[in-house]
Amino acid sequence: MQESVLSLSHVVKQYGDFTAVNDISLNIPKGSIYGFLGPNGAGKTTTIRMILDIIKPTRGEITILGHSSALDVRTGIGYLPEEKGLYKKMKVWAIIQYFAMLKGMEKKAAKQRAWTVLEKYGLKDFAEAKVETLSKGLGQKVQVLSAVAHAPELVILDEPFSGLDPVNQGVLEELIRDMAAAGQTVIFSTHVMQHAERLCDQILLIAKGRKIFDGSVAQAKATIPRRILIETNSDISSLRDIDGIREILILAANPVTGNAGQLWQLQIQQQVNPQLILKTCFDKGIALSRFEFTEPSLHDVFVHLVGDDARERAAR
Ligand SMILES: Nc1ncnc2c1ncn2[C@@H]1O[C@H](COP(=O)(O)OP(=O)(O)OP(=O)(O)O)[C@@H](O)[C@H]1O
Ligand SMILES: [Mg+2]
């Protein structure tokens, strides 16, 4: 088994009668990029705050870097909170140096490190600027660098991408990848699935405080049926005989593609090879003007799993 840097066991957080986090258990492997994904109000920030021992769980156990409280391993952790903001009067390089020193770095090394990260992640021109003169997004970038400049073993970023333009989102993705390549473990929360899809080795899907899924992105995708789009004028009812076809939906009777065909969507189970569908079309003389196989995106998985979970609970 992979060494885990953080584990949660049956963690619950209640506020009065309201359960914000409901029985979450997790193991986060060392060196992984781990995404906490879920809609607004899912319990991501509450979970992160419990991990950092900012708030106490109502029940359950947390082990972080081998300790029972994050406060015992402070210098090993880098944290970007959900509410962003930095001391405004300081210069950019000095604030990064300051946070690195707060987390145990020696003064000269911290200064060097501040200039190195500012240069590497595209902020060198702002190094001498005061924080108050920065735009919101650039200020946030500086805060991320302040949180991780001391090269902590475990990095926890709460919504690091929110408020960044596409270029700076890319820079942040690069920073996260660089840290993982250096053996650091990175946890980040988001409700934007694309970042998680590109970055994460593992994800936690959480909704209404409950864990809906945890595992790799590939495993998440394997939980839902895949889709094939077919455009044809032929009768496709014979495709229904193939094992593992869950559903055939008609998408458009007169697609505006210029081809005179009907557009169908087939939902197929994981074990079905799309080539078999294509072969069956040839064998049965179904003339195709379009055949398109798409892997589900993490967004599809999320909608599917969160939707299923809500329906199951409503039915109980
Ligand atoms: N101090 C508190 N008292 C009462 N309820 C709280 C408190 N803190 C959080 N909650 C509730 O717990 C739930 C989870 O909140 P949390 O901030 O963890 O969600 P989140 O997943 O981080 O959402 P977002 O994507 O909007 O940041 C919400 O319904 C929130 O209103
Ligand atoms: Mg949050």
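What are the membrane-span-like helices in the chain by this rule: whole DSSP H runs, Cα extent along the axis at least 24 Å, mean Kyte-Doolittle hydropathy at least -1.0?
Both cut-offs are met by 298-315.
If R0 is 30 Å, what FRET efficiency do you get for Val12 and Val192 from their C-beta distance, rounded to 0.05?
Values: r = 27 Å, r/R0 = 0.91.
After rounding, the FRET efficiency stands at 0.65.
Taking the Cβ-Cβ separation of Asp165 and Lys124 as r and a Förster radius of 25 Å, what is the calculated FRET efficiency to the nearest 0.05?
On the way: r = 18 Å, r/R0 = 0.72.
With a Förster radius of 25 Å, E is 0.85.
Put +1 on the Cβ of every Lys and Arg and -1 on every Asp and Glu Cβ in the chain; which of Thr280, Ser237, Leu26 then has its Cα farthest towards the positive end of the dipole?
Value: Leu26.
For the residues Ile248, Ile230, what sequence is obtained by ranking on other C-beta atoms within 10 Å, fewest first?
Working: Ile248 16, Ile230 25.
Taking fewest neighbouring Cβ atoms as first place, the list is Ile248, Ile230.
Positive end of the dipole of the chain, charges at C-beta (+1 Lys, Arg; -1 Asp, Glu), about the Cα centre: which of Gln267, Gly104, Val117 has its Cα farthest in that direction?
Toward the positive end, the furthest listed residue is Gly104.
At 0.36 nm per residue, minus the direct Cα-Cα distance, what do Ile248 and Arg59 gain on full extension? Give it in nm, one decimal, please. The partial results should precede the final answer.
Numbers: separation 189, 0.36 × 189 = 68.04 nm, distance 4.59 nm.
Extra length from Ile248 to Arg59 when fully extended: 63.5 nm.
Note down the net charge around Thr190, summing +1 for each Lys or Arg and -1 for each Asp or Glu among other residues with Cβ under 12 Å from its Cβ.
With Lys, Arg at +1 and Asp, Glu at -1, the net is -3.
So how do 126-133, 174-181 stack up, highest first, on mean other-Cβ count within 10 Å?
Ranked from most to least packed, the peptides come out as 174-181, 126-133.
With respect to the cross-link table entries Lys56/Lys108; Lys107/Lys141; Lys124/Lys211; Lys56/Lys103; Lys44/Lys221, which display a Cα-Cα separation exceeding 32 Å? Provide the component values of the computation, followed by the final result.
Details: Lys56/Lys108 36 Å; Lys107/Lys141 22 Å; Lys124/Lys211 41 Å; Lys56/Lys103 23 Å; Lys44/Lys221 21 Å.
Distance filter (> 32 Å) returns Lys56/Lys108; Lys124/Lys211.
Kindly state, to the nearest 0.05, the FRET efficiency for Val303 paired with Glu3, given R0 = 30 Å and r defined as their beta-carbon distance. Write out the running numbers ahead of the final one.
Details: r = 34 Å, r/R0 = 1.12.
Efficiency, from the Cβ-Cβ distance: 0.35.
For Ser69 paired with Ser216, estimate the spin-label separation in nm (one decimal), with each label point 7 Å from Cα along the Cα-to-Cβ line.
3.8 nm
Cβ under 14 Å from Val217's Cβ, Val217 left aside: what net charge do those residues give with Lys, Arg +1 and Asp, Glu -1? All intermediate terms of the calculation are to be shown ahead of the outcome.
Details: positive: Arg198, Lys221; negative: Glu197, Asp201, Asp214, Glu295, Asp300.
Every neighbour counted, the sum reads -3.
Around Ser25, which amide H atoms from residues at least 5 apart in sequence, or from another chain, sit under 5 Å from its own amide H, with H modelled in the peptide plane?
His10, Val11
What is the local net charge at Ala287, summed over the other residues whose Cβ is closer than 13 Å to its Cβ (Lys, Arg +1; Asp, Glu -1)? Let's see the in-between values first.
On the way: positive: Lys284, Arg290; negative: Glu231, Asp235, Asp283.
Once positives and negatives cancel, what remains is -1.
How many nm separate the modelled label positions at Asn233 and Glu106, each set 7 Å beyond the Cα in the direction of the Cβ?
Placing both labels 7 Å beyond Cα along the Cβ direction yields 8.0 nm.
What would the Debye formula give as log10 I(q)/I(0) at q = 0.16 Å⁻¹ for the alpha-carbon point model of the chain, no solvent?
Log-scaled intensity ratios, in q order: -1.23.
When the Karplus curve 6.51 cos²θ - 1.76 cosθ + 1.60 is applied with θ = phi - 60°, which whole-Hz ³J(HN,Hα) does each residue of the range 157-162 get, with x for Gly and Pro?
Using θ = phi - 60°, the values come out as 10, 8, 6, x, 8, 5 Hz.
Where the only charges are on Cβ atoms (+1 Lys, Arg; -1 Asp, Glu), what is the dipole of the range 100-209 about its Cα centre, to the nearest 20 debye? If you can, show how the numbers build up before the last one.
Working: 13 positive and 14 negative charges, 70 e Å.
The dipole of the range 100-209 has a size of about 340 debye.
Over the range 4-216, calculate the relative contact order: mean separation of alpha carbon pairs under 8 Å at least 6 apart, over the residue count, as a percent.
Details: 422 pairs, mean separation 65.4, N = 213.
Here the relative contact order equals 31 percent.
Values quoted throughout were computed directly from the atomic coordinates according to the rules given, and no laboratory measurement underlies them. The structure displayed is predicted, hence computed values, not measured ones. For neighbour counting, all protein chains shown are included, and Cβ atoms are generated from backbone atoms with ideal geometry for every residue, glycine included.
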